[in-house]
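Some notes on the structure that comes next.
The values are calculated or read from the model by the stated rules, or taken from the named source; none is laboratory data. Just so it is clear, the structure is predicted and the values come from calculations on it, not from any experiment. We place every Cβ from the backbone using ideal geometry, glycine too, and count neighbours over all the protein chains shown.
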Amino acid sequence: MVDTRFFKNNGPFRLSEIAEICNAELKDSTKSDIQISDIATMGKAKEGEICFFYDKKAKEKAKEIKATACVTTAELAENISSEVIVLTSANPKLAFLQLNKKFYEEYKNRREISRTAIIAPSVKIGGNTFIGEHVVIEEDVEIGENCYIEHNAVISRGCKIGNNCRIGACASLAYTQMGNDCYIYAGARIGQDGFGFMVINGKHERIPQVGRVIIGNDVEIAANTCVDRGALDDTIIGDGCRIDNLVQVAHNDKLGRGCVIVSQTGIAGSCTFGDYVVCGGQSGFADHLNIGNGAQIGAQSGLMRDVEPGAIVMGYPAVPIKEFMRQVACVQKLTKNK
């Protein structure tokens, strides 16, 4: 059961409504008016609740479902007790996502501007926007409509934020232009200095970082991630990217559309990613690399060379996945012989 102290439950919903939301078929139409009050896992769901069954490995557990209803595939439905009302879907995972969005939502403050916020006179704020406690917004900032700026966030001079954006608590933005429908999570740091130095007379002299961060539409940058602004060219995060917690994106990096960067990944400066690149956790990239469209990078891989479009690589240094698996098999064989 979802804790309603943190998430608002919009239920109950009738099974006929749930079938429509999930794009599913209710096997017994006489049950269409039965109401469902909550979503739960297969093992915990009880009377009045609905669960989802899509893992073939859980067939034995399916027989023990106590929920009033279950969404599953037509193939797996035969594993469920006749006492459970079945809804069939071609994609139960997607059905879960759709119903979850309808059932639950976060509690949000009223759309107002806090009296403790410090907002420069030249700031432009769109309608229906929330500005939390102790937020600081500097000169010439533009914020679109329906935005949500959480407590203690800092938005520095000249930044532009599109419509329907959310800036998490204690996040900071500088030298940044952002599109619509973006979410910058709590504690993220966007637009800070890139890590650029030159040794002059035995001393590390900082190279001025005079570029920006350009963020497209529908981008999420998670908690405590850092995206540095460009040294001269801009750092660019393409439309639809998803960047996990604790990721480092260095100056002048350019991510294409729909890239997924998992936590603790570090991308050195001036790397260019194509569209829909996926990087596993703790992967690391040398500078000035080109990573092709649709490339997949295994967790904890070290990238020192360019990657072709569609390639799957893994290891340190990263090699094609089949070669990596042969290396692992060879090492295992050698150790067994000792």
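With the requirement that a residue be within 12 Å of ILE237 (Cα to Cα) and touching a residue at least 40 places away in the same chain (Cβ under 8 Å), what does the stretch 254-291 give you?
Within the stretch 254-291, ARG257 is the sole residue that qualifies.
For the stretch 204-212, does any single residue satisfy the condition of being within 30 Å of MET325 (Cα to Cα) and at pLDDT 95 or above? Break it down stepwise before answering.
Applying the first criterion (within 30 Å of MET325 (Cα to Cα)) to the stretch 204-212 yields none.
The answer is no, given that none of the residues of the stretch 204-212 is within 30 Å of MET325 (Cα to Cα) and at pLDDT 95 or above.
Going by the conditions given, is ALA67 in a helix (DSSP H, G or I) and either outside the structural domain of PHE53 (by TED's automatic domain parsing) or buried (at least 21 other Cβ atoms within 10 Å of the Cβ) (or both)? Please lay out each step first, then the result.
Details: in a helix (DSSP H, G or I): no; either outside the structural domain of PHE53 (by TED's automatic domain parsing) or buried (at least 21 other Cβ atoms within 10 Å of the Cβ) (or both): yes.
Here the answer is no, as ALA67 does not meet what is asked.
Give me the residue from the stretch 39-61 that is acidic (Asp, Glu) and more than 16 Å from LEU15 (Cβ to Cβ) and, out of that set, farthest from the chain's Cα centre (by Cα).
Within the stretch 39-61, the subset acidic (Asp, Glu) is 47, 49, 55, 60.
Okay, now just the ones that are also more than 16 Å from LEU15 (Cβ to Cβ), so 55, 60.
Details: ASP55: 23, GLU60: 33 Å.
Applying the filter and picking the extreme gives GLU60.
Any idea which residue in the stretch 148-161 is surrounded by the most Cβ atoms within 10 Å (Cβ to Cβ), counting only those that are touching a Phe, Trp or Tyr at 6+ places or on another chain (Cβ under 9 Å) and farther than 14 Å from SER114 by Cα?
Among those residues, the one meeting the criterion is CYS159.
Answer yes if at least one residue in the stretch 1-12 is in a helix (DSSP H, G or I), touching a Ser or Thr at 6+ places or on another chain (Cβ under 8 Å) and either closer than 30 Å to GLU133 by Cα or of a type outside the set (A, V, I, L, M) (or both), and no otherwise.
Residues of the stretch 1-12 that are in a helix (DSSP H, G or I), as a first pass: none.
Looking through the stretch 1-12, none of the residues is in a helix (DSSP H, G or I), touching a Ser or Thr at 6+ places or on another chain (Cβ under 8 Å) and either closer than 30 Å to GLU133 by Cα or of a type outside the set (A, V, I, L, M) (or both).
Could you tell me how many of the residues in the stretch 225-279 are closer than 20 Å to ARG305 by Cα and outside any loop (DSSP other than H, G, I, E, B)?
12
Quick check: anything in the stretch 99-108 of a type in the set (A, V, I, L, M), modelled with pLDDT of 95 or more and surrounded by fewer than 17 Cβ atoms within 10 Å (Cβ to Cβ)?
Applying the first criterion (of a type in the set (A, V, I, L, M)) to the stretch 99-108 yields 99.
Remaining after also requiring modelled with pLDDT of 95 or more: 99.
Still in the list and also surrounded by fewer than 17 Cβ atoms within 10 Å (Cβ to Cβ): none.
Taking every residue of the stretch 99-108 in turn, none turns out to be of a type in the set (A, V, I, L, M), modelled with pLDDT of 95 or more and surrounded by fewer than 17 Cβ atoms within 10 Å (Cβ to Cβ).
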